[in-house]
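A short write-up of the structure that comes next.
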Amino acid sequence: MLAMDSRLLSRQSAVRSSSMTNEINHSQLCQWLNAIALDRDKAAFTALFRFFAPKIHAIAYGKLNSEALASEVVQDTMSKVWRKAHLFDDSKGAVTTWVYTIMRNVTFDFLRKMKANKEDNLSDDIWPLAEPLSSEEESFKDHLQNRNLQGVLATLPESQQQVVKGFYFLEMSQEQLATHLNLPLGTIKSRLRLALGKLKTKLGENND
Amino acid sequence: MIKHHPKFELLKSFVEGDLPASLAAGVAIHADFCSICQQHIDLLTEQVAEMSFEQQATDKLFIDDQRQSYPPASAHLDDMIAQITASDALASTQRTAAPVTMSFKGTQYQLPNALRNMSLGKIAQIGKLSRARVQLDEGKIHTSLLHIAAGGSIPEHTHKGFELTLLLAGSFADAAGEYVPGDFIMLDQRHQHQPATEAGCLCYTVVNDALHFTQGINKMLNPIGSFIY
Ligand SMILES: [Zn+2]
């Protein structure tokens, strides 16, 4: 436990001292959300709120161009986080992905209300919150090598995973990735090189 | 096998919630048929989420905008937290709505989940063609369910703007070949086609009959460039 804590601490200070990256502490977010789900923990919700609310507000303001509406998006999104925390399944994805989906859906319905004057709340039909894992699993069924690669991929740092996934799975060019991730091309190239080095070693190990 | 997929830029706009409901539903329906695109969507969502919630990204937004940082007053924030957590009601696990079905020329079709809460107009018929409008009220963008009875075809036509044809059931063919359910066919005014079906088919179509796009959509289409071809 102690070892775990000190590892987390050292990871955090490493992140702080680096001006290039600003990685999200996913396990912390996950702990908070689980505390809400299991104990209706208000302190955990407050912490989660303080992490997400300013960012949701900024993103919603960018789309709706209104402080009042952006504030409503924050309220609606975070209410859903509070009421749906027990539906979150950390084996299916990160907290950030889950909250993003809720926020994107709430914002979409708001935009439709503004533009088409429709209150039909279509977003949850278009982007269902509980994504079935079955389709993902099916697509990997015949690709044992692919599945193996996914496992090894998961051991890489987030920042390198992003680049590898973008480059190989989404077939984006390094230039597209640089634009998409808002990073210098050099950073993309070096991350990709680092990641591939590690992948080669690890896949080699697994094939022994 | 599905051969026609949405372009990457369309998937990205889909994930970011920037498509009109008509096209967003089209991408969602395709992804139900196509595990490859579903996988791309899942990865993109993960990435976009990660980037959206990186501190740096939003800090920059605030600086660029020269706006007052959020929240205006921390009392407001505490109020919001108190208000939200005051309720102990839990959201129910899943929507359990029965699938929506619609019958064309005596054949019953189950409609995609993405259309579950969209209001559908009455079926209009001309010969072997039956059409029900999906009433999304998106201005120049018209969305329909189009049924072509066995042996029917659509007279040769060109498009102003774009035309999305998403095959839901059955099959049809044009000069470019044969299509199967899930095929996502995006055409523009440079294309002429005359789809014909031997056994009958049901399609989801989105047509922009205007000569110019609305501002919002244009923004979405511009970076795509070769999106319509
Ligand atoms: Zn596809």
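Between A:SER190 and A:ALA154, the FRET efficiency estimated from the beta carbon spacing at R0 = 22 angstrom works out to 0.60. Under the classification rounded if a/c is under 1.5, otherwise prolate if a/b is larger than b/c and oblate if not, where does segment A:27-66 fall, given a ≥ b ≥ c as square roots of the Cα gyration tensor eigenvalues? Prolate shape, in that a/c is at least 1.5 and a/b is the bigger ratio.
To the nearest 100 Å², how much accessible surface do chains A and B hide from each other in total, with a 1.4 Å probe?
That pair of chains buries around 5900 Å² in total.
The phi torsions of segment A:172-179, fed into the Karplus equation with coefficients 6.51, -1.76 and 1.60 and a -60° offset, translate into couplings of 8, 7, 4, 5, 4, 4, 4, 5 Hz, rounded to whole numbers, with Gly and Pro shown as x.
Shown for segment B:97-133: residues covered by the partner protein chains by 30 Å² or more of accessible area relative to the chain by itself (probe radius 1.4 Å), namely B:ALA114, B:ASN117.
Distance cut-off 19 Å, Cα to Cα: go down the list A:LYS118/B:LYS140; A:LYS63/A:LYS113; A:LYS63/A:LYS118; A:LYS165/A:LYS189; A:LYS55/A:LYS118 and report the pairs above it.
Where the Cα-Cα span goes over 19 Å, the pairs concerned are A:LYS55/A:LYS118.
For B:SER87 and B:ASN117, the difference between the fully extended length at 0.36 nm per residue and the C-alpha to C-alpha distance is 8.1 nm. Between A:SER66 and B:HIS76, take the C-beta separation as r, use R0 = 22 Å, and let me know the FRET efficiency to the nearest 0.05. Here the calculated transfer efficiency is 0.85. Contact with the other protein chains removes 20 Å² or more of accessible area, compared with the isolated chain and a 1.4 Å probe, from these residues of segment A:101-115: A:ARG104, A:PHE108, A:ARG112.
The values are calculated or read from the model by the stated rules, or taken from the named source; none is laboratory data. All values reported here derive from a predicted model rather than from experimental measurement. Ideal geometry is used to build each Cβ from the backbone, glycine not excepted, and the neighbour counts take in all protein chains shown. When the accessible area is computed, the model is the full protein with side chains, heavy atoms only, and any ligands, DNA or RNA have been set aside. Shrake-Rupley method; radii C 1.70, N 1.55, O 1.52, S 1.80 Å.
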